[in-house]
Amino acid sequence: MRVGVPKEIKTDEMRVALTPAGALALTRDGHDVVVETDAGKGSGFSNDQYLKAGARVEESAQGVWQDAQMILKVKEPIEGEYGYFREDMLLFTYLHLAPERHLTEALIRSAMIAVAYETVQKPDGSLPLLIPMSEIAGRMASQVGAHFLENPYGGRGILLSGAPGVLPGRVVVVGGGVVGLNAARVALGLGAAVTIVEVNPDRLRFLDDLFQGRVQTLMSNAYNLAQVVSQADLVIGAVLIPGARAPHLVTATMVQSMRPGAVIVDVAIDQGGSIATIDQVTTHSCPTYLRFGVVHYAVANMPGAVARTSTLALTNATLPYVRSLAALGPVAALKQDPSLAKGLNVFRGKVTMQAVAQAHDLAYFPLENVLAEERR
């Protein structure tokens, strides 16, 4: 198979979808890998490294897209890339289609096959291709929040660790999944007083055991959220519903109750955001804005700021699936691997992810039915 790796063009996105080591594995499998010039530069990988791995380096994005049967990306395509879509193409990347109607419609019109990293799901419910970036984004959330709590960046002037004779800062993590766990771990390491708010009582028990009482766990409901958010120095939105828009759990009224200079970091912004006042996506170049005197951080590609770490972690997770898709072709690979099949979002003009269809009021085609039709 011809596998294409274009350079990411989303603002401040420095990751690349495949490392030279990944390219070497694919070329040794007998596949043709073409990488756009300088696609790996932001992650510290040179064109020569890809050439030594057996890949070809193509000068233009158009050349990569036109030549490839499978396109590997990190972030969802933006409008300038829609014109490259075609019927005989497989796209494998993070898609986050629930808040992206125009992209969803473009994929449908193209009749291509689009598989999303974030909805590949194992039988135990885990999301193996989302976990690495969730771990990184969660760890970054506390680090970023601590930074913007400093006075020069509009914050309250709070050091999360406190100081001898001074209480530590208060961090509230909304959601106790992979992002929330990692955010809490780093916030705790920074010396903050940490509360995790979570709706699943079994997950609360797990977190309580894991942290051995060093974090406060609290059942998620409107009353409890209002109480802890009003007292927080830093609120981290860490809510995920696979494939669907994140629910607005923290209301505008709750945000208004926070003290001036408090900080909100919403890791769920790429799924629409879990904070009602997060109504615009920001970038690494211009990461924050003020609402009700509260600093809002809403960067949708947080791991892109630590591109080398993120690229290595992402390729570690995606490469086995990429090799399967390349070796078997998309239809056979999807049929063979139920976990990979759950990543299918759009198949030849049909939306196969129910949450995406509901978000945009589109017809939904169960993937089992779509794949079954391919047998005939």
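The values are calculated or read from the model by the stated rules, or taken from the named source; none is laboratory data. In this text, all values refer to a predicted model and were calculated from it rather than measured experimentally. Positions of Cβ are backbone-derived with ideal geometry, glycine not excepted, and every protein chain shown enters the neighbour counts.
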Which of the residues belonging to the range 124-154 are within 18 Å of V74 (Cα to Cα) and hydroxyl-bearing (S, T, Y)? S134
I'm checking my understanding of the structure. Among residues of the range 1-60 that are in contact with a Pro (Cβ under 7 Å, 6 or more places away or on another chain) and among the aliphatic types (A, V, I, L, M), which one is surrounded by the most Cβ atoms within 10 Å (Cβ to Cβ)? A39
Condition set assigned to a helix (DSSP H, G or I) and polar (S, T, N, Q), scope the range 334-357, selection farthest from the chain's Cα centre (by Cα): answer is Q336
What's the number of the only condition in (1) among the aliphatic types (A, V, I, L, M); (2) modelled with pLDDT under 95; (3) more than 23 Å from V5 (Cα to Cα) that A363 fails to meet? (2)
Restricting attention to the range 137-158, does a residue exist that is under 25 Å from G343 (Cα atoms), buried (at least 18 other Cβ atoms within 10 Å of the Cβ) and touching a residue at least 60 places away in the same chain (Cβ under 8 Å)? yes
2 or more residues of a type in the set (S, T, Y): qualifying helices (runs of 4 or more DSSP H) within the range 10-121: 101-110
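One line per residue, one yes/no per condition, for (1) under 29 Å from M353 (Cβ atoms); (2) crowded, with 21+ Cβ neighbours inside 10 Å; (3) not assigned by TED's automatic domain parsing to the domain that holds G83:
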position: M112; (1), (2), (3): yes, yes, no
position: S126; (1), (2), (3): yes, no, yes
position: V173; (1), (2), (3): yes, yes, yes
position: P201; (1), (2), (3): yes, no, yes
position: F206; (1), (2), (3): yes, no, yes
Selection from the range 253-269 of residues surrounded by fewer than 17 Cβ atoms within 10 Å (Cβ to Cβ) and β-branched (V, I, T) yields T253
Yes/no for E87 being closer than 28 Å to Q271 by Cα, of a type in the set (D, E) and within 23 Å of the chain's Cα centre (by Cα): no
Residue list for the range 218-252, restricted to those being outside any loop (DSSP other than H, G, I, E, B), surrounded by 14 or more Cβ atoms within 10 Å (Cβ to Cβ) and hydroxyl-bearing (S, T, Y): S230
Are any residues in the range 274-293 of a type in the set (A, V, I, L, M, F, W, C) and touching a residue at least 12 places away in the same chain (Cβ under 8 Å), and if so, which ones? I275, A276, I278, V281, L290, F292
For the range 61-101, the count of residues that are of a type in the set (G, A, S) and surrounded by 21 or more Cβ atoms within 10 Å (Cβ to Cβ) equals 2
